[in-house]
Each structure stands twice: as structure tokens, then as C-alpha cells.
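First comes the structure, then the notes that go with it.
The values are calculated or read from the model by the stated rules, or taken from the named source; none is laboratory data. Since the model is a prediction, treat every value here as computed from it, not as a measurement. Virtual Cβ from ideal backbone geometry, glycine too; neighbours counted across all protein chains shown.
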Amino acid sequence: MTKVKDFEEGMHVTEKLMVSSLTTGVTNAGAPYLNLTIQDNSKSIEAKLWDVKPELQKSLQAGKVYEFDLEIHKYKNVLQAKILKVMQVIQSEIDPGEFAFRSPVPVEELKNTVQIALNGIENPNIIKILNAVLSEYQNEFYAYPAASKIHHNFIGGLATHTAGMLKLAGAICDIYPNVNKDYLYAGVIIHDIGKITELSSPVLTEYTTEGKLLGHISIMDAKLYEVGKKLGLEDSEEILLLRHMVLAHHGEYEFGSPVKPMTLEALILTYIDNIDAKVNILSKAYEETESGEFTQKIFSLDNTAFYKTK
């Protein structure tokens, strides 16, 4: 078995791979073709299926696994696959999770990082609020991605993103003792939990109806109010400030925040959220780039091509 991460220019491989996305196109000569992204649990690769027959086009679906006969080549200095043949497999015998990307950090390590942060919080009301929220989403928190496409879009991505931010938060609290550690740690832990409702599942996730209509920020704000009411804390400053951190964590109105950060901890949360997300985006691009070369332009990073040092 040859993993996608080990594909090299000139290789001819036949492997079972999952289709993660699929779009149609037409050549200048009017012939139909398909653009596919196919993957195993190591990496994905863009693939072209030329002169596709209507019956095959109808049978191919994102989220399903097929056996592909592939020829690997480079296009604009990026590996790409030409699909020579597609063979059906029995879907009931396939576990899509085996073809999905997973966090590079073990679950126990992620849980330990979160627990250390929880142990460092002293405010009893914040502890009650966090325990109530986490007890409801305990399993999903360590399984869900942090996004469908842009950053940390893999099994365990939400917890991986949270753990990375907690480490940044801890370093900031060490440097700036006037930062309220309790609020910053709590804001980091809860800020994206609404994505568990916004997204459909850990594997090949899509936006749910509730996610599209409300978004994870509004979903989590409502959840915090609900939790506060159950605990008799709905009018407490803790609930008020944690709701503010959730509502403000995208930083700007145009990025989806209904309010801008108006506490020190809310302001820091927006920055470390941005740092961890953008480092993940660029790190993925670097995996596709040789040292001494530039990445492709990255739309979510101001459409900039970044240089990878030698």
C-alpha cells in the first residue's frame, strides 16, 4: 500500500482512496471532465478524470471510497493525479474514518492540556460553567474538527486548536500578570464549542441547517445563557463576560462578531485564535512546498504566496 504522502512524480499507483470533493468541468473541445480531491488518512491530492462517461460521473460521490488507478505528475510544481480507471468497492465494507485526517496530537495529550488549564482556574462560578458545558459535549469536543475546510479540518481539530490556544494563553499570562487567567482560559475552551452544533460530524463534515442559520457564535452564546440559567448565574458577571468573549472572538464585525472585544481577555482571545488558525493554514501549505520555494497563493491569508526557508 502506497500512502498519498509518499506519492512522487512519475509513479503509477492503484489504491483505495476517498473522494473528499468533486466538481465538473468542460474542456475547450466540449468534453466533460471531473476535478476531484481524493485522500487517505495521510494526505489529499487533486485529481483529474478526463473524458468521463455519464454513467461513471453519476456513480461518483463525495464521501465514498473507490479504487483508483492513478498516474502521478506535476502541474505548476504541485503533484496532481491523472485518473486512468475507477473501480467500485463495496461501501458497506469500508469505514470512512480510516481515510479521514486525524489530529497529529494524541487524544490523551489533548485532554491533559485542557485539564491542566481547568485545574489552573480559581473562580468557582467559571469552574461550574465550564464543567456544565464540557459535560454536555465531552465526547464530541475531542472528535470534531474546528472547521469544514480552512483550518484544523480533521478529526480532533477542535481540541487541537483549543490546546494550541491554551498554550499560547499560558505564555501570555506568564508575561503579563495583569491578564485574568481564569477568563482567558475559559474563553479559549468555550469559544468554538458551538461548532459541534454548527458542523454535521467529525468526518467529511458539512454545515448543519442550524449552523447555516445561526452560526457557532450565536449557538454558543445561547448555550452559555442556558447554562447560566440552570446554575442560577444568568445575571452574574462571569456569564456576561464569557458571553462577550464568545460574541467578540472573531474580532471585527465583517468577520462575523456582533460586538468587538471590550475586555483585555477578549482582545487577547481574538489574537491567539487568529495566530493558531493561521499557523495551521500556512503549515499545511508548507507541506506541499519544497524548501526555497513559494507556496501557492493562500486565499485565507490575504491571497499571499509564502516563502519556505531552506
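Applying the criterion of being of a type in the set (A, V, I, L, M) and assigned to a strand (DSSP E or B) to the residues of the stretch 33-66, the residue that is nearest to residue 19 (Cα to Cα) is 38. Residues in the stretch 48-72 that are aliphatic (A, V, I, L, M), within 26 Å of residue 200 (Cα to Cα) and at pLDDT 90 or above: 60, 65.
Number of residues in the stretch 3-33 that are without any contact (Cβ under 8 Å) to a residue 40 or more places away in the chain and surrounded by 15 or more Cβ atoms within 10 Å (Cβ to Cβ): the value is 2.
Among the residues of the stretch 288-298, at least one is aliphatic (A, V, I, L, M), more than 20 Å from residue 179 (Cα to Cα), without any contact (Cβ under 8 Å) to a residue 60 or more places away in the chain and not assigned by TED's automatic domain parsing to the domain that holds residue 197. Residue 209 fulfils the conditions (1) among the β-branched types (Val, Ile, Thr); (2) farther than 28 Å from residue 171 by Cβ; (3) surrounded by 14 or more Cβ atoms within 10 Å (Cβ to Cβ) except for a single criterion, (3).
Taken over the stretch 1-49, the residue count meeting the criterion of being of a type in the set (D, E, K, R) and closer than 17 Å to residue 86 by Cα is 5. Against the test of being touching a residue at least 24 places away in the same chain (Cβ under 8 Å), outside any loop (DSSP other than H, G, I, E, B), farther than 28 Å from residue 42 by Cβ and of a type in the set (S, T, N, Q), the options 131, 178, 125 yield a single qualifying residue, 125. Restricting attention to the stretch 140-165, the residues that are among the hydrophobic types (A, V, I, L, M, F, W, C), more than 8 Å from the chain's Cα centre (by Cα) and closer than 16 Å to residue 272 by Cα total 3. Taking only pairs six or more apart or across chains, which ones have beta-carbon atoms under 7 Å, a first residue in the stretch 233-250 that is of a type in the set (Ser, Thr, Tyr), and a second residue that is in a helix (DSSP H, G or I) and surrounded by fewer than 20 Cβ atoms within 10 Å (Cβ to Cβ)? Sorted first by the residue in the stretch 233-250, then by its partner, the pairs are 236/125. List the pairs whose first member sits in the stretch 194-208 and is closer than 9 Å to residue 145 by Cα and modelled with pLDDT under 95, whose second member is hydrophobic (A, V, I, L, M, F, W, C) and not in a loop (DSSP other than H, G, I, E, B), and whose Cβ atoms are under 6 Å apart, counting only residues at least 6 apart or on separate chains? Once the first residue is closer than 9 Å to residue 145 by Cα and modelled with pLDDT under 95 and sits in the stretch 194-208, its partners that are hydrophobic (A, V, I, L, M, F, W, C) and not in a loop (DSSP other than H, G, I, E, B) give 202/155; 205/199. Among residues of the stretch 119-139 being hydrophobic (A, V, I, L, M, F, W, C) and under 22 Å from residue 219 (Cβ atoms), the one that is surrounded by the fewest Cβ atoms within 10 Å (Cβ to Cβ) is 134. Has the stretch 65-76 got at least one residue that is surrounded by 13 or more Cβ atoms within 10 Å (Cβ to Cβ), in contact with an Asp or Glu (Cβ under 7 Å, 6 or more places away or on another chain), among the aliphatic types (A, V, I, L, M) and in contact (Cβ under 8 Å) with a residue 24 or more places away in the chain? Scanning the stretch 65-76 turns up at least one residue that is surrounded by 13 or more Cβ atoms within 10 Å (Cβ to Cβ), in contact with an Asp or Glu (Cβ under 7 Å, 6 or more places away or on another chain), among the aliphatic types (A, V, I, L, M) and in contact (Cβ under 8 Å) with a residue 24 or more places away in the chain. Contact map, the stretch 82-96: residues that are at pLDDT 90 or above paired with residues that are exposed (fewer than 13 other Cβ atoms within 10 Å of the Cβ), Cβ distance under 6 Å, separation 6+ or inter-chain. No pairs are found.
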